[in-house]
Amino acid sequence: MAIADGAPREHATQSDVARAAGVSRGLVSLALKGGGRMSERTRERILQAARDLDYQPNGAAAQLASRRSSRLVIVLPYLDNPFFDILVRHIRREAARVGHSLVVLVSDLEARLEESTIADALRMRPAGLILPGTRMGAEALERLGGRLPVCLLDRALPGHVVATAHMDETSAAEQVMEHLAGLGTRHIAYLTPARILHERLVDARGLACRAAAQARGMSFSSASCADGAPPALDSALTSAAGPAAIVAYNDLLAIDVAAALFQRGARLPLASYDNTRLASRPEFSLTSVDQDPAALARAAVGMLTGTGPAPGVATIAPSLVIRASTAAPA
């Protein structure tokens, strides 16, 4: 179909093909599928009209009609964290490997927006829904899991009401605290993001870090960076008795903490989570927990598409990547 002066045009539909060929839309549908009772002359006229119009089948409509889908949907809590970029790339690659596509939506962790975003996802009738960070509770997730396959990436739920693929938070905390204790640390300050970026995982991670720190004889405090990193540092370090170290919820927050420490001329060990490209930059060189996003992606896609283990709980082993931010004092 010619396009004048490069102007955009709408995609041709089966109704357009039917009008061009002088037949019914139903006959067009049959001819395009290679079926139906019609003369070869009529079939060829329909196929030629489709070629002339550059007709392309609507995959989404076909999936809706057949009640089958090869589409997965992931709802990100927000776009600020570069870890989600890494995760989405791995999930998209894994989905493509098993013949699925991936649609990415964002909820911004706002209750009403999250609800409407998930409603949008449901209207797509996807093969499965991936939630790497959500404020939804167990009951809401169980109801959602009754409507379509769901895989949660930020925590396991009591009773395993939906499939989960998540990093072993206990193991991660143990590795972080063992490393920091080896530096002579006596107090851990755990810093959390502002409420707008507060996922349910924030508290679970804090509990794991507290348990691991106390098991090694270190005191523990936490503070929110709702008003920025400097006042959070003051609050968390007020009760420090002896050498202190800081654990940030993720690399994104750790960068703000590192800047606050630099402004104060302070030198404290700083560790974080996610091992994103931010952590590896030489000006930050953050010690950070690697969640193995490739393994998370394989587990999630496999459980949702039936190409991996049966839906259940997949616990991914983390690893601590040690860099200059926790280097022993010279």
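Report, in debye and to the nearest 20, how large the dipole of the chain comes out about its Cα centre when Lys and Arg carry +1 and Asp and Glu carry -1 on their Cβ.
Rounded to the nearest 20 debye, it is 1220 debye.
Using R₀ = 35 Å, calculate the FRET efficiency as 1/(1 + (r/R₀)^6) where r is the Cβ-Cβ separation of ILE196 and THR13; round to 0.05.
0.25
Would you work out which of MET38, GLY145, VAL23 lies farthest towards the positive end of the dipole of the chain, given +1 charges on the beta-carbon of Lys and Arg and -1 on that of Asp and Glu, about the Cα centre?
MET38
Give, in whole angstrom and from largest to smallest, the semi-axes √(5λ) of the equivalent ellipsoid of the chain, with λ running over the eigenvalues of the Cα gyration tensor.
52, 20, 16
Can you list the HN-Hα couplings for region 135-141, worked out from phi with the Karplus curve (6.51, -1.76, 1.60; θ = phi - 60°), rounded to whole Hz and with x for Gly and Pro?
Here the 3J(HN,Hα) series is 9, 5, x, 4, 5, 5, 5 Hz.
Given the options ARG135, ARG147, ARG71, which has the most mean-square fluctuation in a GNM of the chain, springs set between C-alpha atoms less than 10 angstrom apart?
ARG147
Can you compute the modelled spin-label distance between ASP85 and ASP54, with each label point 7 Å from Cα toward Cβ, in nm?
Rounded to a tenth, the inter-label distance reads 3.3 nm.
Calculate how many DSSP beta bridges within the chain are antiparallel, expressed in % of all such bridges and rounded to the nearest 5.
10 percent
At each listed q (0.17, 0.21, 0.26 Å⁻¹), what is the log10 of I(q)/I(0) that the Debye formula gives for region 162-224 modelled as equal alpha-carbon point scatterers?
Here the Debye-derived log intensity ratios amount to -0.60, -0.84, -1.10.
Going toward the positive end of the dipole of the chain, with +1 on Lys and Arg Cβ and -1 on Asp and Glu Cβ, which of ILE74, PRO293, ILE86 do you reach last?
Among ILE74, PRO293, ILE86, the one farthest towards the positive end of the dipole of the chain is ILE74.
Do the sum for the chain: with -39,500 (n - 2.57) for every DSSP H run of n ≥ 4, divided by all residues, what is the mean residue ellipticity at 222 nm, to the nearest 500 deg cm²/dmol? Each step should come with its number before you reach the end.
Values: 13 runs with 142 residues, N = 330.
For the chain, the value works out to -13000 deg cm²/dmol.
Considering the chain as a Gaussian network with a 10 Å cut-off on Cα pairs, which listed residue, THR276, THR307, THR315, attains the greatest mean-square fluctuation?
Comparing THR276, THR307, THR315 in a Gaussian network model of the chain, the most mobile one is THR307.
Using only the alpha-carbon atoms, how far is helix 293-305 inclined from the longest principal axis of the chain? Give it as 0 to 90 degrees, nearest 10.
With both axes taken from Cα atoms, the answer is about 40 degrees.
A short reminder: the numbers here are calculations on the coordinates, not readings from a lab. Given the structure is predicted, the values throughout are model-derived calculations rather than measurements. Every residue, glycine among them, receives a Cβ derived from its backbone with ideal geometry; neighbour counts consider all protein chains shown.
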